[in-house]
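To keep things clear, I will list the structure first and then write my remarks on it.
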Amino acid sequence: MTDYPDLQLYIGGAWRKTSEDMPVVNPADEQQIGRLPRASKADLDDALSAAAAGFRTWSRTSPRDRADVMIAAARLMRERINDIAHSITLEHGKPFQQARLEVIRGCEFLEWDAGEAVRTYGRVIPSAQGTRYMVHHQPIGTVAAFSPWNFPMSQPARKIGGAIASGCSIILKAAEETPAGALHIARAFHDAGLPPGVLNLVFGDPAEISSYLIPQDQVRLVAFTGSTAVGRHLTTLAAEHMTPVLMELGGHAPVIVCNDVDVTDAAIMSANRKMRNAGQVCTSPTRFFVHESIFEEFTTKFVERARDIRVGSGMEPGVEMGPLANGRRVEALGKLVSDATAKGARLLTGGERLGNRGYFFQPTVLANVPDNARVMGEEPFGPLAVINPVRSLDEGIERANSVQYALAAYGFTHNAANVDRMVDGVECGNLSINTLEASLPETPFGGVKSSGYGREGGNEGLHHYMTIKNVSHFMQIEPANKGQTQ
């Protein structure tokens, strides 16, 4: 297994270093593991020029040939899975086996988009004789994409897959905290024969890069995954230049637990999923609204499982939850817990930092949390669950909808009528019943309200990377008997 990779920019099919860089830190021990190059304006100009040239080539490449390159790149990443997962665990902290699953998931995104590349069908609209109305789907152009730190490989893969499958070129600014996942993707595409300039990878100060790239005329789409606050800022910046956006933003997922379920199974499944990735997931189940008749039993089982979660370095066998991304997240969670308990919430387990080295935080459960506690309206983005009783499904739905976020939501019930009421009543982009899986390559993923705009994945996943061109063709009709002899 290799060490942490030598980090470089990837522009125009070539790797490059820069004169300025910044440290990359292992969150499990706070030790520096690499130096990240910072892109200058000259580097960004080179990336824009390379992307323009790459688009001219790639947009004229057949969908089948695009798909072949994508499949080849995914195959290489599957072959390199252990090296990639090792890098992810070092920079992010998640357990090694979970990092391997993330690599597989990223490959599945690319493979799905490769299949969709050959199915971006247009249509012919019925019309009068001598007229043809045709609808064409064409790649939108150069994409400026920004991926987050919580999934270092699968999140960049989603942006890259959508752009490249559609025939676009892309300039990806990957997260400075976790850059290696995107670098491994770029390596695989380079080795798979992707033409120069189609994929460009840059790192650096997020505000500087976004404020420079987004106003450029050749940038035709901004694709971003991250916080709602940053998403609003980038959307405003893009709107000033009439540039469309694809925004996958924050969440604060509710879970409605009805009284007809297996309480133990629902509680254990919920606790396991809540602590996945140390709770640093935009779809993480966080606000649990449990029918009052099973509230105490559900809460007890949930807390028992949360206390058993093994926390530690992701490289240690048996570890189920790694550290948070940085010290800021540890401080933020501590403040949310303090605020909630000061307002009357019950702290049932956790609530504190673990040790004094590494950004570890205890799996935490709060119960009977009042609505005026900050955690009820703010996404904790960490291993913190809130469990509150409700008297009815209607109350659960009302409380689920009480925040600005509406990305993912979950429900536990075996009653078909309850399912229908949740489907009709819960505000979200992704509703899962009796499962806590919110996103798959073959299903569309995205939010409503303040959780974003647009969809990634599924048949809808390539739509934002393409434009729709309507073609009206009038043909002169020759008389039927012209040129015929009697």
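Give the aspartates and glutamates whose C-alpha is closer than 19 Å to that of LYS41, dropping any in the same chain fewer than 8 places away, or say none.
Once the sequence-local aspartates and glutamates are set aside, what remains near LYS41 is GLU20, ASP21, GLU176, ASP205, GLU208, ASP217.
Could you pull out every residue, at least 5 positions away or on a different chain, whose amide H is within less than 5 Å of the one on ALA385? Hs are placed 1.01 Å off N in the peptide plane, and Pro or chain starts have none.
Those lying under 5 Å, H to H, from ALA385 are THR364, VAL365, LEU366.
For segment 253-433, what does the relative contact order come out to in percent, with C-alpha contacts under 8 Å and a separation of six or more?
Values: 362 pairs, mean separation 52.3, N = 181.
That works out to 29 percent.
Could you work out Rg/(2.2 N^0.38 Å) for segment 88-149, with Rg from alpha carbons only?
Values: Rg = 20.4 Å, N = 62, 2.2 N^0.38 = 10.6 Å.
That works out to 1.93 for segment 88-149.
What does the helix-only formula give at 222 nm for the chain: each DSSP H stretch with n ≥ 4 adding -39500 (n - 2.57), the total divided by the residues, and the result rounded to the nearest 500 deg cm²/dmol? Let's see the in-between values first.
Details: 13 runs with 176 residues, N = 486.
Result for the chain: -11500 deg cm²/dmol, rounded to the nearest 500.
How about segment 150-189: which trypsin sites (Lys or Arg not before Pro) there lie in a loop by DSSP and see at most 16 other Cβ atoms within 10 Å? Don't jump to the answer; show the numbers that get you there.
On the way: sites: ARG158, LYS159, LYS173, ARG187; in loops: none.
Listed in order of number, the matching sites amount to none.
Which of HIS252, HIS190 comes first, and how do the rest follow, when ranked by fewest Cβ neighbours within 10 Å? Intermediate results must be reported in sequence, preceding the final value.
Working: HIS252 28, HIS190 17.
Ascending number of Cβ neighbours within 10 Å: HIS190, HIS252.
Once all Cα-Cα distances of the chain are split into 10 Å bins that start at 0, what whole-number percent is in each one?
Per 10 Å bin, starting at zero, the Cα-Cα P(r) for the chain comes out as 4, 19, 28, 24, 15, 6, 2, 1, 1, 0, 0 percent.
Using θ = phi - 60° and the Karplus relation 6.51 cos²θ - 1.76 cosθ + 1.60, list the HN-Hα couplings for segment 465-474 in order, rounded to whole Hz, with x at every Gly or Pro.
Running phi through 6.51 cos²θ - 1.76 cosθ + 1.60 with θ = phi - 60° gives 8, 10, 9, 10, 10, 8, 10, 10, 10, 9 Hz.
Using the charge dipole of the chain (Lys, Arg: +1 at Cβ; Asp, Glu: -1 at Cβ; taken about the Cα centre), state which of LEU7, TYR465, HIS184 has its Cα farthest towards the positive end.
The Cα lying farthest towards the positive end belongs to TYR465.
What are the ³J(HN,Hα) couplings of segment 388-404, residue after residue, when phi is run through the Karplus curve with 6.51, -1.76, 1.60 and θ = phi - 60°? Round to Hz, x for glycine and proline.
3J(HN,Hα) across segment 388-404, in whole Hz: 10, x, 9, 7, 7, 5, 4, 5, x, 5, 4, 6, 4, 8, 7, 10, 6.
Taking just the alpha-carbon atoms of segment 286-343, what radius of gyration and Dmax come out, in angstrom?
14.9, 41
Any lysines with Cα under 29 Å of the LYS301 Cα? List them, leaving off those in the same chain fewer than 8 positions away.
Those lysines meeting the cut-off are LYS94, LYS274, LYS335, LYS343.
Among DSSP beta bridges whose residues both lie in the chain, state the antiparallel percentage, nearest 5. Could the numbers behind the result be given before it?
Values: 32 of 72 bridges.
Rounded to the nearest five, the antiparallel share is 45 percent.
Ranked highest first by the average count of other Cβ atoms within 10 Å around their residues, in what order do 376-382, 286-292 fall? Could the numbers behind the result be given before it?
On the way: 376-382: 21.3, 286-292: 23.9.
Order by mean packing, descending: 286-292, 376-382.
Can you list the chymotrypsin sites (Phe, Trp or Tyr not before Pro) in segment 81-131 that are in a DSSP coil and have 16 or fewer other beta carbons within 10 angstrom? Don't skip to the answer; put the middle values down first.
On the way: sites: PHE96, PHE109, TRP112, TYR121; in loops: TYR121.
The qualifying sites are TYR121.
Exactly which GluC sites (Glu not before Pro) in segment 394-486 are in a DSSP loop and have at most 15 other Cβ atoms within 10 Å?
Details: sites: GLU395, GLU398, GLU427, GLU437, GLU442, GLU456, GLU460; in loops: GLU427, GLU437, GLU442.
In loop regions of segment 394-486 (DSSP not H, G, I, E or B), the sparsely surrounded GluC sites (Glu not before Pro) are GLU437, GLU442.
For segment 262-369, what log10 I(q)/I(0) values come out of the Debye formula at q = 0.14, 0.19 1/Å, with one point per alpha carbon and no solvent?
Results for segment 262-369 at q = 0.14, 0.19 Å⁻¹ read -0.55, -1.01.
By its C-alpha gyration tensor, with a ≥ b ≥ c as the square roots of the eigenvalues, how is segment 1-84 shaped: rounded for a/c under 1.5, else prolate for a/b larger than b/c, else oblate?
Oblate, because a/c is 1.5 or more while a/b does not exceed b/c.
Is the shape of segment 253-433 best called rounded, prolate or oblate, per the rule: a/c under 1.5 gives rounded, else a/b larger than b/c gives prolate, else oblate, with a ≥ b ≥ c the square roots of the Cα gyration tensor eigenvalues? All intermediate terms of the calculation are to be shown ahead of the outcome.
Working: a/c = 1.76, a/b = 1.56, b/c = 1.12.
It comes out prolate by the Cα gyration axes.
Where nothing but the Cβ of Lys and Arg (+1) and of Asp and Glu (-1) is charged, how large is the charge dipole of segment 12-96 around its Cα centre, in debye to the nearest 20?
On the way: 13 positive and 12 negative charges, 93 e Å.
That gives segment 12-96 a dipole magnitude of about 440 debye.
List the residues whose amide H sits under 5 Å from the amide H of GLU20, counting only those 5 or more places along or on another chain, with H placed 1.01 Å from N in the peptide plane.
ARG38
Cα axis of helix 154-166 to longest principal axis of the chain: angle in degrees, 0 to 90, nearest 10?
20 degrees
Among ALA99, ASN150, PRO63, pick out the residue whose Cα is farthest towards the positive end of the charge dipole of the chain, where Lys and Arg carry +1 and Asp and Glu carry -1 on C-beta, about the Cα centre.
PRO63
Just to be sure I understand the model, the point goes 7 Å from the Cα along the line to the Cβ. What's the resulting ASN470 to GLU378 distance in nm?
Between ASN470 and GLU378, the simple spin-label model gives 4.8 nm.
Between ALA52 and SER293, what length in nm is gained on full extension when 0.36 nm per residue of separation is reduced by their alpha carbon distance? Walk me through the numbers before you get to the answer.
Values: separation 241, 0.36 × 241 = 86.76 nm, distance 6.12 nm.
Result for the pair: 80.6 nm of gain on full extension.
Any read-out appearing in this document is the output of simple, stated calculations on the displayed coordinates, not a laboratory observation. Quantities reported herein were computed from a predicted structural model and do not represent experimental measurements. Positions of Cβ are generated from backbone atoms using ideal geometry, with glycine treated the same way; all protein chains shown enter the neighbour counts.
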